[in-house]
1. Those residues that are touching a helix residue (DSSP H, G or I) at 6+ places or on another chain (Cβ under 9 Å), at pLDDT 95 or above and acidic (Asp, Glu), I need them from the stretch 164-204; list them, please.
2. Within the stretch 205-221, work out how many residues are at pLDDT below 90 and of a type in the set (Phe, Trp, Tyr).
3. Would you mind stating whether residue 244 is crowded, with 18+ Cβ neighbours inside 10 Å and at pLDDT 90 or above?
4. Would you mind stating whether residue 125 is at pLDDT 95 or above, assigned to a helix (DSSP H, G or I) and under 16 Å from the mean Cα position of the chain (by Cα)?
5. When the stretch 126-141 is examined, which residues are found to be closer than 17 Å to residue 102 by Cα and not basic (Lys, Arg)?
6. Kindly indicate the residue of the stretch 86-119 that is within 30 Å of residue 178 (Cα to Cα) and touching a Pro at 6+ places or on another chain (Cβ under 7 Å) and also surrounded by the most Cβ atoms within 10 Å (Cβ to Cβ) among those meeting that condition.
Amino acid sequence: MRLLFSIGAVLVAGVLAGGDVAGLAAPGPKFEPPRSEPQRLAADKDAQTVDVELILAVDVSYSMDMDELAIQREGYAQAIQSKEFLQALKMGPNGRIAVTYFEWAASTDQKIIIPWRLVDGPETADAVAAEIMKTPIRRASRTSISGAITFAMPLFDEDPYRGLRRVIDISGDGPNNNGGPVTVARDAALEKGIVINGLPIMVKEPSYSTMDIDNLDYYYEDCVVGGPGSFVIAIKDRDKFKEAIRTKLLMEVAGRTPERPVVRVADKDKEPRVNCLIGEKIWSDRWGR
C-alpha cells in the first residue's frame, strides 16, 4: 500500500489558551538575584531547544520544469506561513523549530538558500517565506539524492539549535543517478538518528528523455526514506502540489507517525520493489558511463 496522505489526515487541534498567573509582589522594585553560571548555561541551553531541526532538500535538476520549480518554491513559502502550520508549531513542547533550505542536483551541486533559521511564530515564518521567494530559480544537471543526504548530515552539527528530532526532507522527481548509492547515504544518516522523509514528484508521465521511472513513490519508500515515523507523500497531481507540501510540513512539525512506518531495505524480508540502482543503470545504458 502506498503512503499517500491528504491534508484531511493531518488536522491540527486548536491550541488551549492558558492564562498567565500573576504573582503577589511587595511594594517597591522587585529584586532579581543574579543568576549563577550553571543557571545561566541552563537557561541558554533551554533557549536553543527546538521541537525539530528540519532540513528541506529540494531538487532543481533539469528534469524539473520551470513551472514545477516555481510551484515548489511557492508551496514551501505558503506552507510555512499557513494557519495550520503555525497552529501545529505552537502545539509542540517548545513551540519552535529550526529550519534550513537548500537546493541540490549533482553530487557536488548543493546551494543553501536559507541558513538555519528559528521559526517560532508568524513574524519568523513570514521572514523565512520571503527568503525562499526572493532567490532566483535555477536548474542544474544530474540527480544525486545521495549527495543531498551526505551534504545535509553535517548541517545538523553546524546548527546552533538542538532539536528533539532531526529530519531531512527530500523532494525530487527522479531516482539517484550520480554520486554514491542512495542506500549507503541513507543508512549513514539513520545510524546518526536522523529521519529521512520523501516527497516524490510524479506529475508527468515517465519519459526516457528526462530519465523518469515508474513507481517513483515505491523507490522513495524502499530506497530513500527511513527512521522512526518516516513517510512518503507522493505528488501525482500538479494541482495538489502545494497541498502535499503543506501536509508534509504539518506532519514533520507535529511529529506524527503514519499507520505503517517505512523501514530500511536491510530490514525487509523481500527485495525492494524498485531496484535502488535503477537511476545509475538508466544513466549507464544511455551514456555508457
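1. 169, 187
2. From the stretch 205-221, those at pLDDT below 90 are 205-215; that's our starting set.
Filter again for of a type in the set (Phe, Trp, Tyr), leaving 208.
Of the residues in that region, 1 qualify.
3. Details: crowded, with 18+ Cβ neighbours inside 10 Å: yes; at pLDDT 90 or above: yes.
So residue 244 passes the test.
4. On the way: at pLDDT 95 or above: yes; assigned to a helix (DSSP H, G or I): yes; under 16 Å from the mean Cα position of the chain (by Cα): yes.
Yes, satisfied.
5. 127, 128, 129, 130, 131, 132, 133, 135, 136, 137, 140, 141
6. 100
Here is a yes/no grid of residues against (1) surrounded by fewer than 17 Cβ atoms within 10 Å (Cβ to Cβ); (2) among the polar types (S, T, N, Q); (3) in contact with a helix residue (DSSP H, G or I) (Cβ under 7 Å, 6 or more places away or on another chain):
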{"position": "138", "(1), (2), (3)": "yes, no, no"}
{"position": "162", "(1), (2), (3)": "yes, no, no"}
{"position": "221", "(1), (2), (3)": "no, no, no"}
{"position": "232", "(1), (2), (3)": "no, no, yes"}
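The values are calculated or read from the model by the stated rules, or taken from the named source; none is laboratory data. Computed from a predicted model, the values in this text were never measured in an experiment. No Cβ is skipped: glycine too gets one built from the backbone with ideal geometry, and neighbour counts run over all protein chains shown.
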